[in-house]
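> I have a structure here, written as structure tokens, and I will follow up with some questions on it.
The values are calculated or read from the model by the stated rules, or taken from the named source; none is laboratory data. Bear in mind that the values here come from a model prediction, so they are computed numbers and not experimental data. Please note: Cβ atoms are built from the backbone with ideal geometry, for glycine as well, and neighbour counts cover all protein chains shown. For accessibility, only protein heavy atoms count, side chains too; no ligands or nucleic acids. Shrake-Rupley method; radii C 1.70, N 1.55, O 1.52, S 1.80 Å.
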Amino acid sequence: MKKGLVLEGGAMRGLFTAGIIDVMMEHQVWPDGLVGVSAGAAFGCNMKSRQPGRAIRYNKRYARDPRYSGVKSLLASGDYFNARFAYHVVPKKYDVFDNEAFEQNPMTFTVVCTDVMTGKPVYRQLDECNYDTYEWIRASASMPLVSKPVWISGQALLDGGVSDSIPLEWAERNGYGRNVVVLTQPAGYRKEPLRLMPLMRLGLRKYPHMIEAMERRPAMYNAQLDYVAKAEREGRCLVIRPDAPLKIGHTCHDPEEMERVYQTGREAGERRINEIKEYLCE
């Protein structure tokens, strides 16, 4: 039976996830496959490259660097997180991503994006490390309104969380019978209709199916929470989530807040590492 790791997104809440997977790497706990959405993909790739500590390190280092992210980048390029600097310069020059380790690690790594033309999820397994690999990860984490669609192989892509926020069902369909699911919201959370939906309709007016996907997202997400809860009761997954809301903004620029959320994830990982080991390694 294949064992999987399912990582939802959540923008900077994803540093909670980064803390957990760093603890897993330090304890040499490796799933057979990882599927990540949005921040889950952007930070989860460091597990395939076997680089604990990298996600929190570069996020803190460039938190206030206008080359990395900010309104200036958004106005100049249409992307809040600068496409070239954040996804191609930093991993190649300043906080080097280990391409060789990524390719040699047998753990499969799949990212989820949303096709803006159809509003449907797109799943891409990334085995080699090249320009398109970084672009797939960028597409998965590209939030609507603050990001332009990322064009790869004729597809226009944005945030995978719009169409499949918690891809546990996908993992099970693809042969992963036991999964650790990392959520970035506490127990009892339910997604409400998006207050910015009128602005979304305006910003995405060229993509009517993407607008429909955005409108469906709260119901989809809550149904996925119900599915995860049922799978947890039946022993098909082990769920790790924060004990309380993480209270960090999607575009936080405060290194101390980033560290707080990351340490919250590390604490959760350390507290449950034996349970994770038993679940994935037995």
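> Give the accessible area for Tyr227 in Å² (nearest 10); use a 1.4 Å probe, count only protein heavy atoms, and leave out ligands, DNA and RNA.
My reading of the accessible area for Tyr227 is about 70 Å².
> Run lengths n ≥ 4 of DSSP H only: what is the helix-derived mean residue ellipticity at 222 nm for the chain, with -39500 (n - 2.57) per run over all residues, to the nearest 500? All intermediate terms of the calculation are to be shown ahead of the outcome.
Details: 10 runs with 120 residues, N = 282.
My calculation for the chain gives -13000 deg cm²/dmol from helical runs alone.
> What are the ³J(HN,Hα) couplings of segment 196-207, residue after residue, when phi is run through the Karplus curve with 6.51, -1.76, 1.60 and θ = phi - 60°? Round to Hz, x for glycine and proline.
Ordered by residue, 3J(HN,Hα) equals 8, 4, x, 5, 4, 4, 6, x, 10, 4, 7, 10 Hz.
> I've got another one for you. Tally up the carbon and sulfur contribution to the accessible surface of segment 1-146 as a whole percent, 1.4 Å probe, everything protein left in place.
So the carbon and sulfur contribution to the accessible surface is 51 percent.
> Moving to a separate point now. With a 1.4 Å probe and all protein chains left in place, how much of the accessible area of segment 187-282 comes from carbon and sulfur atoms, in whole percent?
52 percent
> Please list, ordered by chain and number, the residues whose modelled amide H lies under 5 Å from the amide H of Leu238; skip anything fewer than 5 residues away on the same chain.
Correct list: Asn179, Val180, Val181.
> Hey, in the GNM for the chain with a 10 angstrom Cα cutoff, which one of Asp98, Asp243, Asp32 fluctuates hardest?
Maximum fluctuation in the GNM of the chain, among the listed residues, is at Asp243.
> Between Lys120 and Ala76, what is the FRET efficiency for a Förster distance of 35 Å, r being their Cβ-Cβ separation, to the nearest 0.05?
On the way: r = 31 Å, r/R0 = 0.88.
For Lys120 and Ala76, the calculated efficiency is 0.70.
> Mind ranking Tyr68, Tyr207, Tyr131 by accessible surface for me, highest first, 1.4 Å probe?
The residues order as Tyr131, Tyr207, Tyr68, largest area first.
> Separate question: Given the whole protein assembly as supplied and a 1.4 Å probe, what does the accessible area of Cys281 come to in Å², nearest 10?
Ignoring ligands and nucleic acids, Cys281 comes out at about 80 Å².
> Where Lys and Arg each count +1 and Asp and Glu each count -1, what net charge lies around Tyr131 among other residues with Cβ under 15 Å from its Cβ? The partial results should precede the final answer.
On the way: positive: Arg84, Lys92, Lys93, Arg124, Arg138; negative: Glu103, Asp127, Glu128, Asp132, Glu135.
Local charge sum for Tyr131: 0.
> For the chain, set up a Gaussian network in which alpha carbons nearer than 10 Å are linked by springs, and say which option among Glu135, Glu169, Glu192 fluctuates the most.
Glu192
> Let me ask something additional. Cα to Cα, under 21 Å, and not fewer than 8 places away if on the same chain: which lysines meet these conditions relative to Lys191?
Cross-link targets: Lys120, Lys230, Lys247.
> If you don't mind, another one. In nm, to one decimal, how far is the Asp65 label point from the Glu232 one, both placed 7 Å along Cα→Cβ?
According to this spin-label approximation, the distance is 3.7 nm.
> Rolling a 1.4 angstrom probe over the protein heavy atoms, how many square angstrom per residue are accessible across segment 207-282?
Working: 4030 Å² over 76 residues.
It amounts to 53 Å² per residue over segment 207-282.
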